[in-house]
Structure formats: structure tokens, C-alpha cells
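Visitor: Just passing along the structure, written as C-alpha cells.
The values are calculated or read from the model by the stated rules, or taken from the named source; none is laboratory data. In this text, all values refer to a predicted model and were calculated from it rather than measured experimentally. Positions of Cβ are generated from backbone atoms using ideal geometry, with glycine treated the same way; all protein chains shown enter the neighbour counts.
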Amino acid sequence: MNIPLIDLKAHHQALHAEITSAIQNILERTDFILGQDVAKFEEEFAAFCGTKYAVGVSSGVAALELSLLAFGIGPEMKYLFPLIPSQQLRLRSLLSGPSLCSWM
């Protein structure tokens with residue numbers, strides 16, 4: 001028996017015009033990185049979260065790195081984090097020192 005979880009084609013059709021228009025606007029402005037849409041998203045997401053600021057980053061690992069740095073996690077500290085090995089290696093190299101104690 002095939003039980004469909006979500007019909008992505010139908011979902012996309014409902015949003016097709018909006019998505020196509022947004023992509024076309026970005027292509028015309030050529031602001032692919034840190035453009036108007038990112039600034040707008042950051043403002044709207046901050047309002048949604050009830051905070052003054054929100055910062056868009058390139059990846060989940062970048063978000064984790066900024067979070068750790070914002071909380072003052074330094075080389076002399078240990079912390080427990082559920083990470084997959086590639087994230088663990090990247091964070092270890094980025095933060096140069098804190099002891100990562102990962103669990104799965």
C-alpha cells in the first residue's frame with residue numbers, strides 16, 4: 001500500500017508564481033548574497049521571534065559556531081552537543097580548542 005505523505009507537486013503549483021517572481025527579481029537585481037531579501041527575512045524573522053535582531057548565516061554549522069562564540073565558549077570549556085562527525089571536525093577547527101563531547 002502506498003501512503004502519500006505530502007504532494008510536493010501540488011504544493012509547488014500553489015506557490016509557483018510567487019517563487020518564480022522572487023527568483024526573477026533576485027536575478028534582475030543580482031544581489032545573490034546579503035541582498036534585500038535576506039535583510040527582509042532577518043527583519044521579519046526577528047519580529048516573529050520577538051527579538052530586536054536576527055542574523056541569517058550560510059549553514060547550521062555557522063549558526064552553531066556563532067551561538068557558541070556568543071555564549072563565550074572558549075578553549076578551556078567542555079560542552080555536550082549532538083553532532084555528526086563532519087560538523088564536529090569543522091567546529092573543532094573553527095573554534096580551535098573547546099572540547100566537544102558529542103552524543104548520538
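Visitor: Determine, yes or no, whether residue 91 is exposed (fewer than 13 other Cβ atoms within 10 Å of the Cβ), in contact with a strand residue (DSSP E or B) (Cβ under 8 Å, 6 or more places away or on another chain) and at pLDDT below 90.
Guide: The answer is no for residue 91.
Visitor: For a quick check of your reading of the model, give me the residue pairs whose first member lies in region 49-73 and is over 20 Å from residue 36 (Cα atoms) and in contact (Cβ under 8 Å) with a residue 12 or more places away in the chain, whose second is of a type outside the set (Ser, Thr, Tyr) and in a loop (DSSP other than H, G, I, E, B), with beta-carbon atoms closer than 8 Å and at least 6 apart or on different chains.
Guide: 68/98; 73/98
Visitor: Right, something else. Considering only region 21-36, state which residues are part of a loop (DSSP other than H, G, I, E, B) and among the acidic types (Asp, Glu).
Guide: Within region 21-36, just 31 meets the criteria.
Visitor: Just checking, how many residues over region 1-20 are under 23 Å from the mean Cα position of the chain (by Cα) and among the small types (Gly, Ala, Ser)?
Guide: The qualifying residues number 0.
Visitor: Which number in (1) under 14 Å from the mean Cα position of the chain (by Cα); (2) among the charged types (D, E, K, R); (3) modelled with pLDDT of 85 or more marks the one condition that residue 44 misses?
Guide: Answer for residue 44: the failing condition is (1).
Visitor: Within region 52-71, how many residues turn out to be at pLDDT 85 or above and among the β-branched types (Val, Ile, Thr)?
Guide: 2
Visitor: Consider residue 8 carefully, then state whether it is of a type in the set (A, V, I, L, M, F, W, C), at pLDDT 65 or above, on the phi < 0 side of the Ramachandran plot and exposed (fewer than 10 other Cβ atoms within 10 Å of the Cβ).
Guide: Yes, satisfied.
Visitor: Still on this structure, please answer the following. Please go through region 25-57 and pick out each residue that is surrounded by 10 or more Cβ atoms within 10 Å (Cβ to Cβ) and touching a helix residue (DSSP H, G or I) at 6+ places or on another chain (Cβ under 6 Å).
Guide: 54, 56, 57
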